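Quick notes on the structure that follows.
The values are calculated or read from the model by the stated rules, or taken from the named source; none is laboratory data. Bear in mind the structure is a predicted one, so any value in this text is a computation, not a measurement. When we count neighbours, we look across all protein chains shown, and the Cβ atoms used for this are built from the backbone with ideal geometry, even at glycine. What goes into the accessible areas is simple: the full protein's heavy atoms, side chains included, and nothing from ligands, DNA or RNA. Shrake-Rupley method; radii C 1.70, N 1.55, O 1.52, S 1.80 Å.
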Amino acid sequence: MYLLPFPILGGLLAWATLYFLGFEKQRWGEFLLGLAAFFIAMIIQNPLQQLPLLGMGIKSNADVIARGTAFVVGVSIWFGLIAGIVQEGAKYLLVKGKSLNTGLFMGLGFGVTEVFLIAGAALAGAMATGKPLDVPLSTALLSMVERYFVVLFHVGTGIYLAYTYSEGYGKEGLLAMIGIHTLIDSLAAYYQLTKSEPVMYAVEFITALAALGLLYYMIPKAKVELPKEEEALW
């Protein structure tokens, strides 16, 4: 089964879910801001994650694995912590003082951009190496489900950060989202290094649980938010 359409479909299904939950009117300014926020976060995140490892002479996953389990765990936590701080911090700075719907569409733009970047990177890698992107159907479907819940997770955190700021405990809300994001991305990094299937399923479960919990709590608040015109966030 050709992999590429499945993660993209997962992202589009997440978008469609929001549409059918009542968010028919698309807020393209906020969506595009989420796109920009994603690339800004990646520009900051990737060097912060990689430079300490390069300083230790580590240039590949194999180099990490060779240093033992404790080092693998430490690197995984480092990657997850930096991702959590940078990504949630970028979202927080963009939604503080803004409406919950701003948080929703900014998070959607962030998550959908990530989907297309991952798909593009997979395609580029396949073209560079000549390896086909054919995978078992179960793997393709799992990638679709993963992206579905990851996009909804970014949406949920965007709304939550806007809400907690409006309620006067934005910093506490930010720390909570950094904690959840760190857990998810640390496990994801550990899986990338070790290819442990139980860890992969743990990542899927925790991401889905976090996404559904955030949306269950935040979507009703976003839906009853008084409509008002806001200036573009650029």
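The one condition from (1) modelled with pLDDT of 95 or more; (2) open to solvent by 80 Å² or more (accessible area, probe 1.4 Å) that residue 71 does not meet is (2).
Return a yes/no flag: does the range 76-94 have any residue that is within 30 Å of residue 131 (Cα to Cα), at pLDDT below 95, surrounded by 14 or more Cβ atoms within 10 Å (Cβ to Cβ) and polar (S, T, N, Q). No, the range 76-94 has no match at all. Take the residues in the range 1-52 that are in contact with an Asp or Glu (Cβ under 8 Å, 6 or more places away or on another chain) and surrounded by fewer than 19 Cβ atoms within 10 Å (Cβ to Cβ), then tell me which one is modelled with the lowest pLDDT. By that ranking, first place goes to 1. Against the numbered list (1) over 18 Å from residue 81 (Cα atoms); (2) part of a helix (DSSP H, G or I); (3) aromatic (Phe, Trp, Tyr), residue 38 comes up short only at (1).
Selection within the range 1-35: residues that are part of a loop (DSSP other than H, G, I, E, B) and of a type in the set (A, V, I, L, M). The member of this set that is farthest from residue 154 (Cα to Cα) is 1.
Is it the case that some residue within the range 100-111 is surrounded by fewer than 21 Cβ atoms within 10 Å (Cβ to Cβ) and either in contact with a Gly (Cβ under 7 Å, 6 or more places away or on another chain) or part of a helix (DSSP H, G or I) (or both)? No: the range 100-111 contains no residue that is surrounded by fewer than 21 Cβ atoms within 10 Å (Cβ to Cβ) and either in contact with a Gly (Cβ under 7 Å, 6 or more places away or on another chain) or part of a helix (DSSP H, G or I) (or both).
Examine the range 67-86 for a residue that is touching a residue at least 12 places away in the same chain (Cβ under 8 Å) and under 20 Å from residue 219 (Cβ atoms), and state whether such a residue exists. Checking the range 67-86: not a single residue is touching a residue at least 12 places away in the same chain (Cβ under 8 Å) and under 20 Å from residue 219 (Cβ atoms).
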